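Worksheet: one structure, shown below.
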Amino acid sequence: MSYGQAAVAAPVTGTAKVQLTHVFATLQTGQPDPKPEDTAACRKQVSAPNSRYLNDFVTTRYSIDTKSLMMSATSSLPSPHVTEPLEISIPLSPLGLANQYAFGAFRPAGLPGTYVLFSIGLDFKGAKSSVLVLNADKDYNCLVSSDPKPFNGGLSAKFGSDQKQ
């Protein structure tokens, strides 16, 4: 491929900033946990100083070539811990889901007890971010999301991926 050809197929680049405002308990399978007490425990957990995600903003920078489907994304969010660094950048991998551009990092080095997920529509609208906090000592994990209905889309299939340690 010459430099001239690369310029013709310029990728779409953008930045999406969303707030994590919804909390859900998920079973180890990734399905919604029906117990309200588990969701309440998750809300408390993701609001605690050592695991703070609720109401945080996630900024994702993405580059998507709609022709070749070569894509990359990095999500940045405040550190959930009160220690340095103040912000953590997590490189995401494309997930190859239908009808959306979706990315994820499963147990990333910067946040090894989590999954970080991002999706955006094929029209580059409707950006959504989620952080799944894994609980090795409980029957449920805690999902903090900008999406009020995170179990309705294709990305929800990734909530149950490889959760056992």
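The values are calculated or read from the model by the stated rules, or taken from the named source; none is laboratory data. Just so we're clear, the structure is a prediction, and the values are computed from it rather than from any experiment. Here Cβ is always computed from backbone atoms with ideal geometry, including for glycine, and neighbour counts include all displayed protein chains. Just the protein is used for accessible areas: all its heavy atoms, side chains included, with ligands, DNA and RNA removed. Shrake-Rupley method; radii C 1.70, N 1.55, O 1.52, S 1.80 Å.
Taken over the range 18-34, the criterion of being surrounded by fewer than 17 Cβ atoms within 10 Å (Cβ to Cβ), polar (S, T, N, Q) and not in a loop (DSSP other than H, G, I, E, B) is satisfied by GLN19 alone. Could you please let me know if ALA102 is of a type in the set (A, V, I, L, M), over 14 Å from the mean Cα position of the chain (by Cα) and either within 13 Å of TYR62 (Cβ to Cβ) or surrounded by fewer than 17 Cβ atoms within 10 Å (Cβ to Cβ) (or both)? Spelling it out, it is not the case that ALA102 is of a type in the set (A, V, I, L, M), over 14 Å from the mean Cα position of the chain (by Cα) and either within 13 Å of TYR62 (Cβ to Cβ) or surrounded by fewer than 17 Cβ atoms within 10 Å (Cβ to Cβ) (or both). Close contacts from the range 40-63, counting a first residue that is on the phi > 0 side of the Ramachandran plot and a second that is of a type in the set (A, V, I, L, M, F, W, C) and open to solvent by less than 30 Å² (accessible area, probe 1.4 Å), with Cβ to Cβ under 7 Å and a gap of 6+ residues or different chains, come to ASN55/LEU20. The residue of the range 122-148 that is surrounded by the most Cβ atoms within 10 Å (Cβ to Cβ), among those that are among the acidic types (Asp, Glu) and in contact (Cβ under 8 Å) with a residue 60 or more places away in the chain, is ASP147.
Checked against the criterion of being of a type in the set (D, E, K, R), buried (at least 18 other Cβ atoms within 10 Å of the Cβ), modelled with pLDDT of 95 or more and not in a loop (DSSP other than H, G, I, E, B), the range 43-57 contains not a single residue that satisfies it.
Checking PHE118, PHE159, PHE151 one by one, the residue that is within 30 Å of ALA10 (Cα to Cα) and either open to solvent by 20 Å² or more (accessible area, probe 1.4 Å) or under 13 Å from the mean Cα position of the chain (by Cα) (or both) is PHE118 and no other.
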